[in-house]
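Structure, as structure tokens:
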Number of protein chains: 2
Amino acid sequence: MTQSPDVKAPDFADLDEAVAILRERGMRLSTSRRLVLDALFRAGTPVTAEGVATELGLDLASVYRNLETFERQGLVRHVHFGHGPGLYMLSGHDDREYLFCEQCGAVRALEPAQLEPVREQIRKLSGYEARFAHFAIVGRCPDCQRA
Amino acid sequence: MTQSPDVKAPDFADLDEAVAILRERGMRLSTSRRLVLDALFRAGTPVTAEGVATELGLDLASVYRNLETFERQGLVRHVHFGHGPGLYMLSGHDDREYLFCEQCGAVRALEPAQLEPVREQIRKLSGYEARFAHFAIVGRCPDCQRA
DNA sequence: ATACTTGCAAATGATTTGCCAGTGT
DNA sequence: ACACTGGCAAATCATTTGCAAGTAT
């Protein structure tokens, strides 16, 4: 099952630091792991497991396993926009939260700080601590509202 | 594909009114359709397609087809909480929006009016018109925050 | 040396689709 | 009658799991 992190997201700025973190935690650093991590650093955008597997010529199942491992270590997270596969990205580097236009598919990112008042509203209303990081906020973008 | 409604949600208070609406629109009122609709009226809570199929002894595929038909007619909508199957409910009757605790699974419903300020914030921030009706807002409930 | 990782194949879970027999209007 | 609907089986899509063979430490 796709998991929330087991540990707090550590700080890391590049592949070497990420690798160091994993090593400190006693994880094995296989070639595939390094490649997957590297692919995430190189991609400017959230990527699908399938995209990574194809790009690297690795088995899809292994990519999913690696992504889940990284996710448990707090190095990676993934977001669900409407249907379709989850999108994976480095956490820490890309902690933005997403708005997804259900009509045209447009994606808009917001910084966590910008959404804080929204979270605050929800907190007041319900006591729930909303985490928009996992499911994008679905709605309609300005363009599609005009249409 | 699971669709947004093709038409505005009509008003209907009971099975007969719902049936009347469908009939006006030239849809056939098969026994199964009536049964599925009735099951939704009887259920106090959002239900899965599977639950309906099992309860009624209908084929799962047909139930999905019927639910989608109703959804296109604006009579039904479905929401996704974390993983797992979508939950279907009558629209109009149950237009609330949901908060889902990703840790314990607790569900909390809010009236659309209550969430209006939240939508307003998001509108100001991004121009997006958020529709929490399709994906629940995921977060942690008060109990799980304590834990 | 040995426990952890891989690729491959097969299993899952949710939902959809093809097809032909059955039924509402 | 005829177009639309239902059941059944099989297909899809995203993701997970079992297993034997390979590899990092």
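None of the figures in this text is laboratory data; all of them are computed from the coordinates on show. Since the structure is predicted, the reported quantities are computational estimates derived from the model, not experimental observations. All Cβ positions, even for glycine, are placed from backbone atoms using ideal geometry, and neighbour counts span all protein chains on display.
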| field | Given charges at beta-carbon only (K, R positive; D, E negative), |dipole| of the range B:1-73 in Debye | value | 220 debye
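Once you charge only the Cβ atoms, +1 for Lys and Arg and -1 for Asp and Glu, what is the size of the charge dipole of chain B about its Cα centre, to the nearest 20 debye? Before the final figure, lay out each step's value.
On the way: 18 positive and 21 negative charges, 60 e Å.
With only Lys, Arg, Asp and Glu charged at Cβ, the dipole is about 280 debye.
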| request: Towards the positive end of the charge dipole of the range B:71-132, with charges on Cβ (+1 Lys, Arg; -1 Asp, Glu), say which of B:Leu87, B:Phe100, B:Gly127 has the farthest Cα. | output: B:Gly127
| note | For A:Cys144, inter-copy label-point distances (7 Å, Cα→Cβ), nm, shortest first, read 2.7
| message | For a bin width of 10 Å, list the pair-distance distribution of the protein assembly as shown built from all Cα-Cα distances, rounded to whole %. | response | 6, 24, 29, 24, 13, 4, 1
| Mind checking which of B:Tyr128, B:Tyr88, B:Tyr64 has the largest fluctuation in a GNM of chain B, springs on alpha carbons under 10 Å? | B:Tyr128
| request: For every helix of n ≥ 4 consecutive DSSP H residues, a contribution of -39,500 (n - 2.57) applies; sum these over chain B, divide by its total residues, and give [θ] at 222 nm rounded to the nearest 500 deg cm²/dmol. | output: -13000 deg cm²/dmol
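If the chain between B:Glu120 and B:Val107 were fully stretched, how many nm would it gain, using 0.36 nm times the residue separation less the Cα-Cα distance? Before the final figure, lay out each step's value.
Working: separation 13, 0.36 × 13 = 4.68 nm, distance 2.30 nm.
Full extension of this stretch gives 2.4 nm more.
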| field | Cα centroid of the range B:1-43 to Cα centroid of the range A:90-147, whole Å | value | 32 Å
| note | GNM on chain A, Cα springs under 10 Å; top mean-square fluctuation among A:Ser91, A:Ser62, A:Ser126 goes to A:Ser126
| field | Label spacing, shortest first and in nm, from B:Gly44 to its equivalents in the remaining copies (7 angstrom along Cα→Cβ) | value | 5.4
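About its Cα centre, what dipole magnitude does the protein assembly as shown give when the only charges are +1 on Lys and Arg Cβ and -1 on Asp and Glu Cβ, stated in debye to the nearest 20?
It works out to roughly 0 debye.
Using Cβ counts within 10 Å as a stand-in for footprinting exposure, how do B:Glu71, B:Glu55 rank, fewest first?
Working: B:Glu71 19, B:Glu55 15.
Fewest to most other Cβ atoms nearby, the residues stand as B:Glu55, B:Glu71.
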| What lysines sit close enough to A:Lys124 to cross-link, taking a C-alpha to C-alpha distance under 22 Å and skipping anything fewer than 8 places away on the same chain? | B:Lys124
| query | If we hang a label 7 Å off Cα along the beta carbon direction at B:Glu24, how far is it from the matching labels on the other copies, in nm, shortest first? | reply | 6.6
| remark: One would report the Cα pair-distance distribution of the range B:1-127, bin width 5 Å, in %, as 2, 10, 19, 21, 20, 14, 8, 5, 2, 0
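Can you run the Rg to Rh ratio on the range A:15-90? Use alpha carbon positions and the Kirkwood inverse-distance Rh. Don't jump to the answer; show the numbers that get you there.
On the way: Rg = 11.7 Å, Rh = 12.4 Å.
Taking Rg over the Kirkwood Rh, I get 0.94.
Can you give the FRET efficiency for A:Asp16 and A:Arg146, using 1/(1 + (r/R0)^6), R0 = 45 Å, r = Cβ-Cβ distance, to the nearest 0.05? Mind dumping the intermediate values first?
Working: r = 47 Å, r/R0 = 1.05.
In this case the efficiency is close to 0.45.
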| request: Just the ratio, please: alpha-carbon radius of gyration of the range A:85-136 over 2.2 N^0.38 Å, N its number of residues. | output: 1.23
| field | Chain B, closest residue to the rotation axis toward A, by beta-carbon, whole angstrom | value | B:Phe135, 2
| query | Of the beta bridges DSSP finds with both residues in the protein assembly as shown, what % are antiparallel, to the nearest 5? | reply | 75 percent
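Using only atoms on other chains, find how many Cβ atoms lie within 10 Å of each Cβ of peptide B:113-120 and report the average. Provide the component values of the computation, followed by the final result.
On the way: counts 0, 4, 4, 1, 6, 10, 4, 2.
Mean shielding by partner chains, rounded to a whole number: 4.
For A:Arg28 and B:Arg65, FRET efficiency with R0 = 51 Å and r from the beta-carbon atoms, rounded to 0.05? Write out the running numbers ahead of the final one.
Working: r = 48 Å, r/R0 = 0.94.
E(calc), rounded to 0.05, equals 0.60.
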